[in-house]
1. Modelling each spin label as a point 7 Å along the Cα-to-Cβ direction, I'd like the residue B:43/residue A:84 distance in nm, to one decimal.
2. Along the Cα→Cβ direction, 7 angstrom out, place labels at residue A:6 and residue A:20. What is the inter-label distance in nm?
3. Hull surface divided by four, with the convex hull built on the Cα atoms of segment B:1-80: how many nm²?
4. Tell me, what is the percent relative contact order of segment B:1-58, built from C-alpha pairs under 8 Å that lie six or more residues apart?
5. Between chain A and chain B, with a rotation axis joining them, whose C-beta in A is nearest that axis, and what is the whole-Å distance?
6. At residue A:61 and residue B:34, where each label point lies 7 Å from the Cα along Cα→Cβ, what is the point-to-point distance in nanometres?
7. At a Förster distance of 41 Å, what's the computed FRET efficiency of residue A:98 paired with residue B:52, Cβ-Cβ distance as r, to 0.05?
8. Ranked by Cβ crowding within 10 angstrom, fewest neighbours first, how are A:1, B:90, B:18 ordered?
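Just so it is clear, none of the values below were taken in a lab; they were calculated from the coordinates. What you are looking at is a predicted structure, and each value in this text was computed from that prediction instead of being measured. Every residue, glycine as well, gets a Cβ built from its backbone with ideal geometry; the counts of neighbours run over all protein chains shown.
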DNA sequence: AATATATGTTAGATTTTCTTACATGAGATT
DNA sequence: AATCTCATGTAAGAAAATCTAACATATATT
């Protein structure tokens, strides 16, 4: 289980989340209705919250304190997610570059080891060849 | 909130603990009956488990796999708790010793600063006193 | 004044958990 | 072999927790 899975694993019933966040059930459900959080559900439709959900709720609370309305909070979250996607993409690309770099290096080493250099048939080799055999 | 409080905070309903430990409700309740765990309760008597409880349950499971019976597991837990109490005591004592050491140091410094040294009225001071005032 | 937003409250239905009691399979004991 | 003990399964009925939906309301916005 990686960090992402640990943070997003559904674990907590609403009663515990109420305690941890000092929000009412009504507030929590309303924020879900407004799509600021998407807690998991049991088979019986009871909500199950993750650590990530709780963090979000705490942030919602703090932003509401700063008079940001729910639309604003939603937008803030949306932007952060875009940023994070962006970052993930950059990371992926950088990994791809790394891979192709190392691939390139591997090929070059291979060529050198097997004398498949571009210059294998070049003037230079021709020029030097008289010193061999 | 310190580490102890974090590990012992009642958070999880039995359904989640069942998932995390792969134990049945019957098993979990039975282990409680045998006093191997003591989960907290809500006002309405529903069990609430902490991270520490979950760790214990996983250990119970692993020991049962090794054919240790519940009495054995209980004894193992009891011994570990005694050891831990022991350690906590040693730590406390060492802290006390530290405190009395620093107290002693403070007093010595105080004495030196205020010329309350044993030697304040010694020959030596008497000898040097003629060079002053 | 009318509207929108965020939250409170209540009611009835559904889900989850509780306790208690009886059942059972595998080993240990007689 | 019969009996006992231990750990677990299963079922029933009660109680607690959560759900959704609806209506209520205070404050801010238009």
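1. Computed distance between label sites residue B:43 and residue A:84 equals 3.5 nm.
2. Calculated label separation equals 1.4 nm.
3. Values: hull surface 22.4 nm².
Average of the hull's projected areas for segment B:1-80 equals 5.6 nm².
4. Values: 60 pairs, mean separation 26.9, N = 58.
Relative contact order of segment B:1-58: 46 percent.
5. Spelled out, residue of A and its Cβ distance from the axis onto B: A:13, 3.
6. 4.0
7. Values: r = 42 Å, r/R0 = 1.03.
Taking R0 as 41 Å, the efficiency between residue A:98 and residue B:52 is 0.45.
8. Numbers: A:1 6, B:90 10, B:18 17.
Taking fewest neighbouring Cβ atoms as first place, the list is A:1, B:90, B:18.
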